[in-house]
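Participant: This structure is in C-alpha cells; I'll ask about it shortly.
The values are calculated or read from the model by the stated rules, or taken from the named source; none is laboratory data. Keep in mind that what you see is a predicted model, and the values were worked out from it rather than measured. Ideal geometry is used to build each Cβ from the backbone, glycine not excepted, and the neighbour counts take in all protein chains shown. Areas reflect the complete protein model, heavy atoms only, side chains present, ligands, DNA and RNA absent. Shrake-Rupley method; radii C 1.70, N 1.55, O 1.52, S 1.80 Å.
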Amino acid sequence: MAASEEHDSPTEAPQPQVEEEETKTFKDLGVTDVLCEACDQLGWTKPTKIQIEAIPLALQGRDIIGLAETGSGKTGAFALPILNALLETPQRLFALVLTPTRELAFQISEQFEALGSSIGVQSATPGRLIDHLENTKGFNLRALKYLVMDEADRILNMDFETEVDKILKVIPRDRKTFLFSATMTKKVQKLQRAALKNPVKCAVSSKYQTVEKLQQYYLFIPSKFKDTYLVYILNELAGNSFMVFCSTCNNTQRTALLLRNLGFTAIPLHGQMSQTKRLGSLNKFKAKARSILLATDVASRGLDIPHVDVVVNFDIPTHSKDYIHRVGRTARAGRSGKSITFVTQYDVELFQRIEHLIGKKLPVFPTQDEEVMMLTERVAEAQRFARMELREHGEKKKRSREDAGDNDDTEGAIGVRNKVAGGKMKKRKGR
Ligand code: AMP
C-alpha cells in the first residue's frame, strides 16, 4: 500500500461532559433541519455517544478514525455528515462505503436510504467493487468526495488488502475519509497512515468490555451431549429469539437440520450459502418468522439484529475476541440478554482465555441433568435423520454439480421431520 506523506498520528476528540452529552440534539451537532427530521422519524430522539463525538468533526471536514462497534450508532455517525454535505453539493457517486460482508453493506444502505428518503438519496450495493472498476465500462470513481471503510479491521483480516490498495489508487486523494474499526490492529494503523489525512480519533467503547445487561453463563458438558443440552436450553428458554454459533458451515447446517427435525423453527446462515439465501435467512429471523438462527462467525460481527435474547456458543470460539462479538449480538441498545457458552473437555483452555480477556469468571448455567437425559433418545433419532439429510444433499449436489452455495436448504427438510415420531418435542413449554 502506498504510504502517504501526511501521516500524523491522530488527535483525540475532546470528550464532552456527561450533562452536555445528555442534552445534545442533532441540531446542536450541526445537522441540517431536513436530516434532523429524518432522525426524528426513525425514532432517534437524541444522538448516541459516537455521533456526538464524530458528527461535528466530520462536518468541519476532518478525517475520522472511529473506534466503535455496531450497535453504537456508528452508521449514523458517518451517514449524517455525508448526507449533510451531499445536500450542499448534490452529485452522483458522492460517497463510497466499503464493508467486509454484503449483509453489512445492505444494512448500511438501508440506513442511508431511511435517513435520505425525503431528499431522494439512492444507494447501491454492487458486490465486489473491484469487479465493477475492472469490468463495467464507463464506471469510475473520479468524482468521489467521501470514502468510508467500515469494520476496517475485518476488511483487512479477510485479506482484502490488495483490493483496498487498488481502490485507493483510483479515487481522488482530495476527499474525506472515515475509518471505523472495532479494534485497532497493526494493519489498520498502516491503512490509516496510507489513506487518512490528519485524522481525529473518536473512541466510545472501552476495549473488550461486554455490556452490563448481558448475563453470561457457561455450561461444562461432555462433547457427546452438546446436541441434547442445546435442545434442553431451547426448550427451557422457549419464547425467546436465539442465535446459536457453530464453528463450521457443516455443523451449522447439521444442527439446523437436527433442530428442524425436532420441530424448532431454526434456520442456518453460513458462508457456503448463496448470497440470496443468506439474506433470506437473515430476513426471516429478523422478521421473527424463525426463532433460532444457527450461524458461523460470518454473523458474529456487524449485523444489527435487534431482538436476539439469547446467544448460545454451541462451539466455543477459537479466537477469544470473537466471543465478544458473538455475545454482542444480544443485550443491545439497553435491552437485557443472556449468553451461554458450551465448554467441553476439549475447550477448557480456550474458555480460560475468554475469561481472562473479559476479566471475569462466569457462573454456570443451571440445568436439571435428569431432565436433559430424558431427551437423549429423541435427539439421537433426530441426529440420525440430520446426518441422512446432509448425506442426501451431498450426493444430490455431486450428481447435479450444484454450486456449493445451494447446500443450505434446511427448509426442505420437512419430509425428514415428519419421519420423527410426533414431529415436536413432548417437553416443549410455552410454544
Ligand atoms: P449501528 O451501530 O450503526 O449499526 O446502529 C445500531 C442501531 O442503532 C441501528 O438500528 C440504528 O437504527 C440505531 N440508531 C442509530 N443512531 C441512533 C440514535 N441516535 N438513537 C436511537 N437509535 C439509533
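Participant: Which condition number in (1) in a loop (DSSP other than H, G, I, E, B); (2) within 16 Å of the ligand (Cβ to nearest atom) is the one that residue 127 fails?
Facilitator: Condition (2) is where residue 127 drops out.
Participant: Determine which single condition residue 414 fails, assuming it passes every other condition in (1) at pLDDT 95 or above; (2) open to solvent by 40 Å² or more (accessible area, probe 1.4 Å).
Facilitator: Condition (1) is where residue 414 drops out.
Participant: Select, from 389, 355, the only residue that is outside any strand (DSSP E or B) and surrounded by fewer than 18 Cβ atoms within 10 Å (Cβ to Cβ).
Facilitator: Details: 389 fails: surrounded by fewer than 18 Cβ atoms within 10 Å (Cβ to Cβ).
Of 389, 355, the one residue that is outside any strand (DSSP E or B) and surrounded by fewer than 18 Cβ atoms within 10 Å (Cβ to Cβ) is 355.
Participant: When you scan the stretch 90-110, do you find a residue that is part of a helix (DSSP H, G or I), among the β-branched types (Val, Ile, Thr) and surrounded by 20 or more Cβ atoms within 10 Å (Cβ to Cβ), even just one? Step through it out loud before you land on a result.
Facilitator: Of all residues in the stretch 90-110, those part of a helix (DSSP H, G or I) come to 102-110.
When the remaining residues are screened for being among the β-branched types (Val, Ile, Thr), the result is 108.
This time we only want the ones that are surrounded by 20 or more Cβ atoms within 10 Å (Cβ to Cβ), so: 108.
So far as the stretch 90-110 goes, yes, one or more of its residues are part of a helix (DSSP H, G or I), among the β-branched types (Val, Ile, Thr) and surrounded by 20 or more Cβ atoms within 10 Å (Cβ to Cβ).
Participant: Among residues belonging to the stretch 29-47 that are at negative phi and more than 13 Å from the ligand (Cβ to nearest atom), point out the one that is most open to solvent (accessible area, probe 1.4 Å). Walk me through it before giving the result.
Facilitator: Here is the first cut: in the stretch 29-47, the ones at negative phi are 29, 31-42, 44-47.
Checking which are more than 13 Å from the ligand (Cβ to nearest atom) leaves us with 32-34, 37.
Details: 32: 52, 33: 81, 34: 46, 37: 115 Å².
So the residue we want is 37.
Participant: I've got another one for you. Do you know which residues across the stretch 77-104 are within 16 Å of the ligand (Cβ to nearest atom) and closer than 29 Å to residue 274 by Cα?
Facilitator: First, pick out the residues of the stretch 77-104 that are within 16 Å of the ligand (Cβ to nearest atom): 77-84, 95, 97-104.
Answer for the stretch 77-104, where residues must be within 16 Å of the ligand (Cβ to nearest atom) and closer than 29 Å to residue 274 by Cα: 79, 95, 97, 98, 99, 100, 101, 102, 103, 104.
Participant: Part of a strand (DSSP E or B), touching a Ser or Thr at 6+ places or on another chain (Cβ under 8 Å) and either at pLDDT 90 or above or open to solvent by 30 Å² or more (accessible area, probe 1.4 Å) (or both): which single residue out of 229, 217 fits that description?
Facilitator: Working: 229 fails: part of a strand (DSSP E or B).
The conditions single out 217.
Participant: Does residue 87 satisfy being under 22 Å from the mean Cα position of the chain (by Cα) and not in a loop (DSSP other than H, G, I, E, B)? Show your work before the answer.
Facilitator: Details: under 22 Å from the mean Cα position of the chain (by Cα): no; not in a loop (DSSP other than H, G, I, E, B): yes.
No: the conditions fail for residue 87.
Participant: Right, another one. Just to be sure I understand, how many residues within the stretch 58-84 are assigned to a helix (DSSP H, G or I) and open to solvent by 20 Å² or more (accessible area, probe 1.4 Å)? Let's see the steps before the verdict.
Facilitator: So in the stretch 58-84, the residues assigned to a helix (DSSP H, G or I) come out as 58-59, 74-84.
Among the residues that remain, those that are also open to solvent by 20 Å² or more (accessible area, probe 1.4 Å) are: 59.
The number of residues fulfilling the criteria is 1.
Participant: Can you tell which of 120, 116 is surrounded by fewer than 15 Cβ atoms within 10 Å (Cβ to Cβ), over 29 Å from residue 324 (Cβ atoms) and of a type in the set (Gly, Ala, Ser)? Outline the logic, then answer.
Facilitator: Numbers: 116 fails: surrounded by fewer than 15 Cβ atoms within 10 Å (Cβ to Cβ).
Unique residue meeting the criteria: 120.
Participant: Is there a residue in the stretch 48-57 that is within 12 Å of the ligand (Cβ to nearest atom) and without any contact (Cβ under 8 Å) to a residue 24 or more places away in the chain?
Facilitator: Of the residues in the stretch 48-57, the ones within 12 Å of the ligand (Cβ to nearest atom) are 48-52, 54-55.
Next, only the ones that are without any contact (Cβ under 8 Å) to a residue 24 or more places away in the chain stay: none.
No, that holds for no residue.
Participant: Filter the stretch 276-312 down to the residues that are part of a helix (DSSP H, G or I) and modelled with pLDDT under 80, then identify the one that is nearest to the ligand (Cβ to nearest atom). Step through it out loud before you land on a result.
Facilitator: In the first step, residues of the stretch 276-312 are kept if they are part of a helix (DSSP H, G or I); the result is 276-286, 297-299.
Within this subset, residues satisfying the condition of being modelled with pLDDT under 80 are 298-299.
Numbers: 298: 17, 299: 14 Å.
Among those residues, the one meeting the criterion is 299.
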